[in-house]
Ligand SMILES: Cc1ncc(COP(=O)(O)O)c(C=O)c1O
């Protein structure tokens, strides 16, 4: 049974197809809270050993903000520390902020490029109404590149590859951003209920599975390592015994082995249906 699942994550990536390497900066799970390992991030730009050439050719940090799958909403201090490392190494930050509207009560999203003029000039911000307004099928997104030179390079390189937005997608995107506030407010309040229910249920009924406290996104990251199953057995167990089809954590990289990701953007009554089955399966 293979124990390193990174090949699953890397198999499809356009980064590798463009002749680049990925230097993965693992998050650290400390007392149930995911944190950035800043020393390791710094080391990705300045490797002392291994196959990476010196000086580093690392040119880009790709940031998921809020983070899918662990649900972190990065604080200003964390963003500043990450960004300063990037700036020091003359690199660019691609900040994927597609989940930015989906905030758990008490969290605030800080757009990476809003931090300072210096940050703005080395940022590529990716946004879309796909998540908050459920419009993934309409293929509409925005990429914000404030720096003229960087933007021209992006436009030139993408010419003929990146399709232009279709009129339905464009209209739906504009309608969501202009008129969707009230809908979004109701959706977020519904999501808050959907988040509290499984957190409480797991705490009380299946304590071997620990839900990581989510700060944003409509995803909940479950630490199932307490069940003592290897990732492939856990996958089979969830589907065949507990009869739920969550996303396997190892799809997000090796350190996700033993974790599962739930999407909680669904009608609340589904939780009631599946939890009885979950509980039986986990005894
Ligand atoms: C962080 C993140 N970025 C990008 C995407 C892709 O979004 P879309 O389906 O709108 O292309 C997803 C989808 O799951 C995502 O979670």
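The numbers here are math on the coordinates, done by the rules we state, and not lab data. Note that the structure is a prediction, hence the values are computed from the model and not measured. Using ideal geometry, Cβ is built from the backbone for each residue, glycine included, and neighbour counts are taken over all protein chains shown.
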Fill in the blank from the handout: In degrees rounded to 10, the 0-90 angle between helix 148-158 Cα long axis and the longest Cα principal axis of the chain is 70
Fill in the blank from the handout: For the chain, longest principal axis from Cα atoms; helix 181-205 axis from its Cα atoms; angle between them, nearest 10 degrees, is 50
Practice task
Report, to the nearest 10°, how far helix 269-282 tilts away from the longest principal axis of the Cα atoms in the chain, using its own Cα long axis and a range of 0 to 90°.
Solution key: 70
Exercise for the section: Take the alpha-carbon centre of segment 141-157, take the same for segment 177-212, and report the distance between them in whole Å. Expected result: 35
Exercise for the section: Could you order peptides 174-185, 199-210, 94-105 by the average number of other Cβ atoms within 10 Å of their residues, highest first? Expected result: 94-105, 199-210, 174-185
Problem - FRET efficiency for residue 236 and residue 164, using Cβ-Cβ distance with R0 set to 35 Å, rounded to 0.05 - result: 0.20
Exercise for the section: Could you grab the relative contact order for segment 182-282? Cα pairs under 8 Å, six or more apart, rounded to a whole percent. Expected result: 27
Exercise for the section: Between residue 213 and residue 143, with labels modelled 7 Å along Cα→Cβ, what's the label distance in nm to one decimal, could you check? Expected result: 3.7
Handout entry: Computed over the chain: relative contact order in percent, which uses C-alpha pairs under 8 Å that are six or more apart
Key = 17
Handout entry: Extension gain from residue 94 to residue 185, taking 0.36 nm per residue of separation minus the Cα-Cα distance
Key = 30.0 nm
Handout entry: residue 175/residue 35 FRET efficiency (R0 41 Å; Cβ-Cβ; nearest 0.05)
Key = 0.60
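Computed FRET efficiency, Cβ-Cβ of residue 225 and residue 196, R0 22 Å: what is it to the nearest 0.05?
So the FRET efficiency works out to roughly 0.40.
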Problem - Helix-only mean residue ellipticity at 222 nm for the chain, each DSSP H run of n ≥ 4 adding -39500 (n - 2.57), per residue, nearest 500 - result: -11000 deg cm²/dmol
Problem - Among 114-125, 212-223, the order from most to least packed when residues are scored by Cβ within 10 Å on average - result: 212-223, 114-125
